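**Student:** Here you go, one structure.
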Amino acid sequence: MTERMPVSVVTGFLGAGKTTLLKRVLRDPAWADSAVVINEYGEVPLDHDLVAAGDETFLSVATGCLCCVVRSDLTQTLLDLHRRRAAGEVPPYARVLIETSGLADPAPVLHALMLEAAMTDTHRLQSVATLVDAQHGLDALDRHPEAQRQAMLADRLLLTKSDLAPDTSGLEVRLRGLNPAAPIRAAVQGAVPPDWIFAPGQHATEPAALAAWLEDAGTAARHTEGVATIVIEREAPIPAMALTLWMQALAEHAGPKLLRVKGLVAITEAGADRPAAIHAIQHVVHPLEWLDAWPSADRRGRVVLIGQGLPRHWPARLLAAIEDEVVSASR
Amino acid sequence: MTPPELRNLLVDSIAVWDVAGAKVALANDGVAVTAADGLVLRILPAAAADAPLRWWMERPGQRRPYTGMTGLLRGLRNALGAGDGLPSRLRGAPG
């Protein structure tokens with residue numbers, strides 16, 4: 001398989017400063033070769049002085065970057081863009097940045113990137129950056145479930161307009177309750193290093209980052225206003241069948257209440273020395289990614305679940321019941 | 001799985017399904033689930049001789065077998081009227 005195009009998603013509630021951030025990123029010479037896809041046409045258009053007119057679905061920007069306004073299905077747009085890149089019809093961009101609608105739950109966008117073989121053959125989800133207005137973010141989180149889900153799905157959280165809100169401690173506590181492990185940083189006018197805000201998410205390609213995320217989530221796990229960060233720690237490997245049935249049962253019964261599952265676990269059939277990374281968004285699960293070794297001396301398996309309205313002990317009790325049946329059947 | 005462990009799992013599962021008013025209590029070797037409308041469902045472990053069956057769910061005039069917890073939970077959810085037609089299936093993202 002040829003190297004897949006990294007895709008980062010920028011989300012955040014209306015007015016959080018997504019476009020400001022992207023404009024700033026595109027002016028950075030190291031990030032000028034980015035294609036930008038906006039998933040809701042005309043909602044927050046890029047400034048005209050930044051964007052030079054192209055055709056209806058594809059715009060070149062003055063910095064030499066690329067910008068595409070999605071007018072049809074996101075997947076089709078990305079694939080079409082990729083085809084045109086291969087054909088030399090557009091500049092050879094090095095990455096794609098997707099700006100989601102401020103009112104949207106970003107999960108469907110992530111699913112679009114994860115589900116279709118044509119997409120996953122050519123693209124890979126690298127990270128999710130969520131912007132939160134430091135001044136009005138608490139209000140948005142109180143009023144809008146979409147804003148909560150944007151925060152819960154983030155790999156990085158950026159507090160924007162922090163110059164207008166000197167004290168963000170309350171907002172940070174709230175965000176920690178929603179997403180205990182995503183690093184938080186403040187910025188004014190989108191001034192944040194692109195390498196930080198678009199750093200790869202916690203996947204097996206970054207085992208140390210994944211282990212750190214799981215550790216942080218375990219330390220900070222809590223229930224906050226119906227949002228649960230639930231951590232399951234294990235000394236023993238999990239039988240592959242039990243893991244599969246458990247994840248199926250989580251998807252079937254929790255449905256949209258379960259937002260994200262990440263983990264690093266040993267699988268019985270593969271032995272204790274090679275852990276596998278688990279990554280799922282709602283009911284869509286990535287294939288297991290195998291590590292050559294544990295990232296640290298701590299070889300406990302950890303699975304972190306982030307969801308809404310999930311009883312704290314339900315995932316562990318469900319896993320125990322399923323594992324008990326799988327193990328007894330194999331005797 | 002002990003009856004208290006089964007009870008705890010079912011209490012949590014009913015909460016996940018947003019079923020209001022259902023009660024779960026220990027009953028002999030299993031548990032009894034009483035729905036808000038008074039329907040009583042008894043969940044019992046199957047005898048070893050019944051393998052591969054693992055569970056029975058009884059309601060007045062009906063006794064259904066299940067080969068595993070995942071099927072039992074699906075059956076209970078439907079019996080409580082909380083099934084939503086096609087269940088949400090796990091989907092694998094291509095590698």
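Bear in mind these aren't lab numbers, they're just calculated from the coordinates by the rules spelled out. None of the values given here were measured: they were computed from a predicted structure. Neighbour counts run over all protein chains shown; Cβ positions are idealised from the backbone, glycine included.
**Student:** Can you tell me the length gained on complete extension of the stretch A:Ala118 to A:Arg143, counting 0.36 nm per residue apart and subtracting the Cα distance? Write out the running numbers ahead of the final one.
**Tutor:** Working: separation 25, 0.36 × 25 = 9.00 nm, distance 3.73 nm.
Contour length minus Cα-Cα distance gives 5.3 nm.
**Student:** If you don't mind, there's one more thing I want to ask. Can you sort A:Lys23, A:Lys18, B:Lys23 from fewest to most other Cβ atoms within 10 Å of each residue's own Cβ? Can you show the working numbers first?
**Tutor:** On the way: A:Lys23 21, A:Lys18 27, B:Lys23 12.
Listing A:Lys23, A:Lys18, B:Lys23 from fewest to most nearby Cβ atoms yields B:Lys23, A:Lys23, A:Lys18.
**Student:** Something else about it: When you look at the Cβ of every residue in A:246-252, what mean number of other chain Cβ atoms sits within 10 Å? Kindly include the intermediate steps, with their values, before the conclusion.
**Tutor:** On the way: counts 2, 2, 5, 8, 3, 5, 9.
Neighbouring Cβ atoms belonging to other protein chains average 5 per residue here.
**Student:** Sticking with this structure for a sec: Fewest Cβ neighbours within 10 Å first, please rank A:Glu325, A:Glu172 accordingly. Could you put the intermediate results ahead of the total?
**Tutor:** Numbers: A:Glu325 20, A:Glu172 17.
Exposure proxy ranking, most exposed first: A:Glu172, A:Glu325.
**Student:** When we measure straight from the Cα of A:Lys18, which lysines land under 23 angstrom away, once same-chain ones fewer than 8 places off are left out?
**Tutor:** Leaving aside lysines fewer than 8 places away in the same chain, those within reach of A:Lys18 are A:Lys161.
**Student:** Here is a follow-up. Using a basic spin-label model with each label point 7 Å from the Cα along Cα→Cβ, how many nm lie between A:Arg274 and B:Met1?
**Tutor:** If labels sit at A:Arg274 and B:Met1, their model points lie 3.2 nm apart.
**Student:** Another one. Quick one: order A:Leu310, A:Leu131, A:Leu291 by neighbouring beta-carbon count within 10 Å, fewest to most. The partial results should precede the final answer.
**Tutor:** On the way: A:Leu310 25, A:Leu131 31, A:Leu291 17.
So the residues, fewest neighbours to most, are A:Leu291, A:Leu310, A:Leu131.
**Student:** Run the dipole for the range B:3-79 about the Cα centre, Lys and Arg Cβ at +1, Asp and Glu Cβ at -1, nothing else charged, and hand back the magnitude in debye, nearest 20.
**Tutor:** Working: 9 positive and 7 negative charges, 35 e Å.
Result for the range B:3-79 is approximately 160 debye, rounded to the nearest 20.
**Student:** Given the convex hull over the Cα atoms of the range B:3-79, what projected area results after averaging over all orientations, in nm²?
**Tutor:** Details: hull surface 19.3 nm².
Taking the Cα atoms of the range B:3-79, their convex hull projects to 4.8 nm² on average.
**Student:** Can you give the mean number of other chain Cβ atoms that lie within 10 Å of the Cβ atoms in peptide A:131-144? Please report the intermediate quantities before stating the final value.
**Tutor:** Values: counts 0, 0, 0, 0, 0, 0, 0, 0, 0, 0, 0, 0, 0, 0.
Counting Cβ atoms of other protein chains within 10 Å of each residue's Cβ and averaging gives 0.
**Student:** For chain B, what is the calculated [θ] at 222 nm in deg cm²/dmol (nearest 500), taking -39500 (n - 2.57) for each run of four or more DSSP H residues and dividing by its residue count?
**Tutor:** Numbers: 2 runs with 25 residues, N = 95.
Counting only the DSSP helices, I get -8500 deg cm²/dmol.
**Student:** Could you work out the mean count of beta carbons from other protein chains within 10 Å of each residue's beta carbon in A:179-192?
**Tutor:** Working: counts 0, 0, 0, 0, 0, 0, 0, 0, 0, 0, 0, 0, 0, 0.
Mean partner shielding for this stretch: 0.
**Student:** So how do B:60-73, A:257-270 stack up, highest first, on mean other-Cβ count within 10 Å?
**Tutor:** The peptides rank, most packed first, as A:257-270, B:60-73.
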